[in-house]
Amino acid sequence: MNHVLVIDDDHVLVDLLRDFLVTEGFIVEAAYDYDSGLASALNADHQLVVLDVMLPGGSGLELLKTVRVSSKVPIILLSAVGETADRIIGLQIGADDYLVKPVAPRELAARIHAILRRTRDTPTDGGEIKVGDVSLSASRRVGVCAETPVELTAVEFNVLECLLRNAGSIVTRETLAERALGRQLAPFDRSVDVHVHNLRKKISAIPDGRIKTIRGAGYMYASPLEDGE
């Protein structure tokens, strides 16, 4: 079964989410403050973590940053309506997706299913995807750039995989959201853009070098002949 950790100090919300997620086939563990949440999040038994931005004893964003040092576990961030900056920062430091409070249990479950499905799905060809000096192992879900391993979150891997498989062609933001996040892109949703920004920092010394922005259309991974690096 899928083990999910929910870190939030709102006991009523946690109980509501737990009751619903159990019916969806999940085993749910809860933590209600920074210290216990961090200790639990570093436990490799969880397949996914749901993390609130505001926690007693510390920031959820700092917890996220600490977890990302040693773990690729998918993390969905919860934030209040007015915390747009926190959501963007959360994505920049390693969150896979976010939801705005108040959280609908059905929507959270759908997000969890989508991320886990795309984390575990292995393409039918199952082999290595290689464009220039960047390669991904679809079966092992690891990336290499210029013979150096690249640490990728679950969603970053999915975004890069989609771009590499379509190298030289434009991939719309909507397509990237569906392929990487398993959901439609909402208005003013910058999730895809932040994940692309993160990838650029990890695989390109030149901004917009390998992954080009096609204004009004989406993104394109440059073919080796186009890549000026």
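Below is a table of values for the structure above.
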read-out: The range 1-118 pair-distance distribution - Cα-Cα, 5 Å bins, rounded %; value: 2, 12, 26, 28, 22, 9, 1
read-out: The chain, relative contact order in percent, only Cα pairs under 8 angstrom and at least six apart counted; value: 14
read-out: Compactness index (Cα Rg / 2.2 N^0.38 Å), the range 82-182; value: 1.17
read-out: GluC sites (Glu not before Pro) restricted to DSSP loop in the range 147-186 with at most 10 other C-beta within 10 Å; value: E147
read-out: Accessible area expressed per residue, the chain, with surrounding protein chains retained (probe 1.4 Å, Å²); value: 47
read-out: Carbon and sulfur %, accessible surface of the chain computed with the full protein complex present, 1.4 Å; value: 54
read-out: Convex hull per residue volume in Å³, alpha carbons only, for the range 135-189; value: 92
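The values are calculated or read from the model by the stated rules, or taken from the named source; none is laboratory data. This structure is a prediction, so every number in the text was calculated from the model and none was measured. Using ideal geometry, Cβ is built from the backbone for each residue, glycine included, and neighbour counts are taken over all protein chains shown. Side chains included, ligands, DNA and RNA excluded: accessible areas come from the protein's heavy atoms. Shrake-Rupley method; radii C 1.70, N 1.55, O 1.52, S 1.80 Å.
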